[in-house]
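S.K.: Please find one structure pasted underneath; my questions will follow.
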Amino acid sequence: MTAKSFVRKVPSGMSGLWRATAPKLARLDIELTERCNCACLHCSVARPAGDAEAKAREWPTERWQTLLGEAAGLGCLVVRLTGGEPLLRSDFEAIYLHARKLGLRVMLFTNATLVTPRLARLLRDVPPLEAVEISIYGMTRESCEAVTRAPGSFAAARRGLGLLAENGVPFVVKGAVLPPTRGQADEFEAWAAGLSGNAGPPAFAVLFDLHSRRDAARSAGIAGLRSGGDEFVRFSRRHGDEAVGEWGEFCGRAGGARGDRLFICLPAAASASVDPYGRLQYCLGLRHPAAVYDLAAGSLREAVTEFLPRLRETRAADPAYLERCARCFLRGLCAQCPAKSWAEHGTLDTPVEYFCGVAHAQAIAAGLLGPGEKAWAVRDGAERAKRRRNGS
Amino acid sequence: MTGKIELGRAYRPSDDVVVREIEGEIVIVPLTSGIGDLEDELLTLNETGRAIWARLDGSRPLAAVVAELESEYEDAEGEVRVDVVGFVQELYDRRMIVEKS
């Protein structure tokens, strides 16, 4: 016995924790409900809070608790509890406490409107070990409720934030660039920086996915809210060119074209998602039937060790994808993925023009493409990205 | 929590932490607030720590833990005791173990 340091602290994020084999599942995302007490313009999920049919189909407490136990048994360290609005579930505290008693860290995604003094105290006494992530839109009641379409939500969210702050529960706030909130980003950042309990700068959603349940009317509404590529570039540059420099860096690091393998966005065993009805998915947004595993007819272990690895072998067949996306060197920028393709087209591998356009606008801003160039037709794309990364 | 640990006393894991074994690693996860400075970190044990931890079940005084380990490890006289006391003191200060009442 010679070691002088008996314990090893590992920073949040778990990088470097595993000296030998990584666990079979690092993170589990759980969508406790699709229901929400807000009806945000851009939401790709929400059903009304009072949707009795959805509520009746949601898994009960015990099923979630059993699943959490199975996840812990697979080595899972982090569970994300999201929705819809997860605090709509009357059993949220029971599910949360069960996760924490299993030694899971909890990422809670909420709009904060339903935070109660009791919940804030619970999060203080049994901390989630991850900052609570709070979506909050707009700096005024008018702009916020023009997004949420829920009267009273502005005041309720501010009250919830106050309760978390009073109890010393770390949180981060997340905004969105939408017609009612455009032009408020600087004010939002300044406000967030002054919040007691705020654990970091706010993130902004600027590029929106269409409705992941493929509701055509909802998707049309979301499409009408989208910022174009040039607007995204302008927003990203509002504090300088740091973001643009990072885009070049991403492209250089990503290592060139993605090829025909579709599932490249997450490392093996990184995570899995489960919807409110016990259907496991590769990620929260991907509901293509080929990418869904019914946990009621199987097990989390089988899903993670057999179903997801098979899914990761899926290759593109769409000719347009093979002609464009598979050969494109903007892999580090473009959001193209099976979930986006599913929301836009109902397939896994159809190119999404919207994200393609945004990536091209970013690449032009980063000096990786000239105006009018198509990234998939550029023969020295990977070299360009490497040169950009090396600063030459 | 402060205080000096004693060889004559027994210690056990605190109810304020969750101890997990994942792929051969012992991982200690805080459950309640105020466990050392670990609210943004996880903690794992090295080989020495694991050997000691496995015996901190509250069933025997620390002196018995030292004696067991001395019979298993060929260390210079007194070295095992120093290691055990150092380890247990560290975890005790972090509120990860408590004295068996």
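The values are calculated or read from the model by the stated rules, or taken from the named source; none is laboratory data. From a predicted model like this one, the values you see are computed outputs, not experimental measurements. Using ideal geometry, Cβ is built from the backbone for each residue, glycine included, and neighbour counts are taken over all protein chains shown. Quick note on the areas: whole protein, heavy atoms, side chains included, nothing else; ligands and nucleic acids left out. Shrake-Rupley method; radii C 1.70, N 1.55, O 1.52, S 1.80 Å.
S.K.: Surrounded by 15 or more Cβ atoms within 10 Å (Cβ to Cβ), more than 7 Å from chain A (Cβ to nearest Cβ) and not in a strand (DSSP E or B), is that true of B:V80?
M.R.: In short, no.
S.K.: Go through the stretch A:108-137 and give me each residue that's open to solvent by 10 Å² or more (accessible area, probe 1.4 Å), in a strand (DSSP E or B) and either farther than 21 Å from A:Q65 by Cα or not assigned by TED's automatic domain parsing to the domain that holds A:A185 (or both).
M.R.: The answer is A:E133, A:S135.
S.K.: Here's another thing I want to ask about it. When you scan the stretch B:65-75, do you find a residue that is within 13 Å of the chain's Cα centre (by Cα), more than 9 Å from chain A (Cβ to nearest Cβ) and either within 22 Å of B:R9 (Cβ to Cβ) or open to solvent by 40 Å² or more (accessible area, probe 1.4 Å) (or both), even just one?
M.R.: Yes: the stretch B:65-75 contains one or more residues that are within 13 Å of the chain's Cα centre (by Cα), more than 9 Å from chain A (Cβ to nearest Cβ) and either within 22 Å of B:R9 (Cβ to Cβ) or open to solvent by 40 Å² or more (accessible area, probe 1.4 Å) (or both).
S.K.: Only one of (1) over 29 Å from A:G84 (Cβ atoms); (2) surrounded by fewer than 18 Cβ atoms within 10 Å (Cβ to Cβ); (3) assigned by TED's automatic domain parsing to the domain that holds A:G357 fails for A:L333. Which number is that?
M.R.: Only one criterion is unmet by A:L333, namely (2).
S.K.: Any residue at all in the stretch B:47-56 that's over 24 Å from A:A71 (Cα atoms), over 11 Å from the mean Cα position of the chain (by Cα) and within 9 Å of chain A (Cβ to nearest Cβ)?
M.R.: Scanning the stretch B:47-56 turns up at least one residue that is over 24 Å from A:A71 (Cα atoms), over 11 Å from the mean Cα position of the chain (by Cα) and within 9 Å of chain A (Cβ to nearest Cβ).
S.K.: Against the condition open to solvent by 10 Å² or more (accessible area, probe 1.4 Å), in contact with a strand residue (DSSP E or B) (Cβ under 9 Å, 6 or more places away or on another chain) and not hydrophobic (A, V, I, L, M, F, W, C), how does A:T305 come out, does it pass?
M.R.: Considered against the rule, which asks whether it is open to solvent by 10 Å² or more (accessible area, probe 1.4 Å), in contact with a strand residue (DSSP E or B) (Cβ under 9 Å, 6 or more places away or on another chain) and not hydrophobic (A, V, I, L, M, F, W, C), A:T305 comes out as no.
S.K.: Cβ-Cβ distance below 6 Å, separation of 6 or more or different chains: which pairs start in the stretch A:364-392 with a residue that is under 17 Å from A:E323 (Cα atoms) and end on one that is part of a loop (DSSP other than H, G, I, E, B) and among the charged types (D, E, K, R)?
M.R.: These pairs meet every condition: A:W376/A:R324.
S.K.: Shifting gears a bit: I need a count of the residues in the stretch A:267-295 that are crowded, with 19+ Cβ neighbours inside 10 Å and part of a helix (DSSP H, G or I).
M.R.: 2
S.K.: Scan the stretch B:83-96 for residues that are open to solvent by 20 Å² or more (accessible area, probe 1.4 Å) and hydrophobic (A, V, I, L, M, F, W, C) and jot them down.
M.R.: The answer is B:V85, and nothing else.
S.K.: Another question, if that's okay. Find the residue count for the stretch B:83-101, including only residues that are within 9 Å of another protein chain (Cβ to nearest Cβ) and out of contact with any strand residue (DSSP E or B) (no Cβ under 9 Å at 6 or more places or on another chain).
M.R.: Here the count works out to 3.
S.K.: Something else: Checking A:R105 against (1) open to solvent by 10 Å² or more (accessible area, probe 1.4 Å); (2) within 14 Å of another protein chain (Cβ to nearest Cβ); (3) under 16 Å from A:P170 (Cα atoms): exactly one of these is not met. Which one?
M.R.: Going through (1) open to solvent by 10 Å² or more (accessible area, probe 1.4 Å); (2) within 14 Å of another protein chain (Cβ to nearest Cβ); (3) under 16 Å from A:P170 (Cα atoms) one by one, A:R105 breaks only (1).
S.K.: Which residue, of A:F154, A:F92, is surrounded by 19 or more Cβ atoms within 10 Å (Cβ to Cβ), within 25 Å of A:S44 (Cβ to Cβ), free of Cβ contacts under 8 Å to residues at least 24 places away in the same chain and not hydroxyl-bearing (S, T, Y)?
M.R.: From the options A:F154, A:F92, the qualifying one is A:F154.
S.K.: Let me spell it out: the conditions are (1) surrounded by 20 or more Cβ atoms within 10 Å (Cβ to Cβ); (2) at pLDDT 95 or above; (3) in a helix (DSSP H, G or I), and A:R384 meets all of them except one. Which number is the exception?
M.R.: The number of the failed condition is (2).
S.K.: Does the stretch A:150-165 contain any residue that is of a type in the set (F, W, Y) and closer than 17 Å to A:A203 by Cα?
M.R.: The answer is no, given that none of the residues of the stretch A:150-165 is of a type in the set (F, W, Y) and closer than 17 Å to A:A203 by Cα.
S.K.: Still on this structure, please answer the following. Report yes if some residue within the stretch A:173-186 is out of contact with any Lys or Arg (no Cβ under 7 Å at 6 or more places or on another chain), β-branched (V, I, T) and either under 17 Å from A:H239 (Cα atoms) or not in a loop (DSSP other than H, G, I, E, B) (or both); otherwise report no.
M.R.: Within the stretch A:173-186, one or more residues are out of contact with any Lys or Arg (no Cβ under 7 Å at 6 or more places or on another chain), β-branched (V, I, T) and either under 17 Å from A:H239 (Cα atoms) or not in a loop (DSSP other than H, G, I, E, B) (or both).
S.K.: For a quick check of your reading: which strands (runs of 3 or more DSSP E) sit entirely within the stretch A:1-100 and have at least 2 residues that are modelled with pLDDT of 95 or more?
M.R.: Correct list: A:27-31, A:78-82.
S.K.: Are any residues in the stretch B:43-64 surrounded by fewer than 21 Cβ atoms within 10 Å (Cβ to Cβ) and over 28 Å from B:E23 (Cβ atoms), and if so, which ones?
M.R.: If the condition is that a residue be surrounded by fewer than 21 Cβ atoms within 10 Å (Cβ to Cβ) and over 28 Å from B:E23 (Cβ atoms), then B:R60, B:P61, B:A63, B:A64 are the ones that fit.
S.K.: Answer with yes or no whether B:G8 is open to solvent by 40 Å² or more (accessible area, probe 1.4 Å), in contact with a helix residue (DSSP H, G or I) (Cβ under 8 Å, 6 or more places away or on another chain) and either part of a loop (DSSP other than H, G, I, E, B) or at the interface with chain A (Cβ under 7 Å from one of its Cβ atoms) (or both).
M.R.: yes
S.K.: Scan the stretch A:80-102 for residues that are of a type in the set (A, V, I, L, M) and within 12 Å of chain B (Cβ to nearest Cβ) and jot them down.
M.R.: Once the filter is applied, which keeps residues that are of a type in the set (A, V, I, L, M) and within 12 Å of chain B (Cβ to nearest Cβ), the stretch A:80-102 yields A:L97, A:A99, A:L102.
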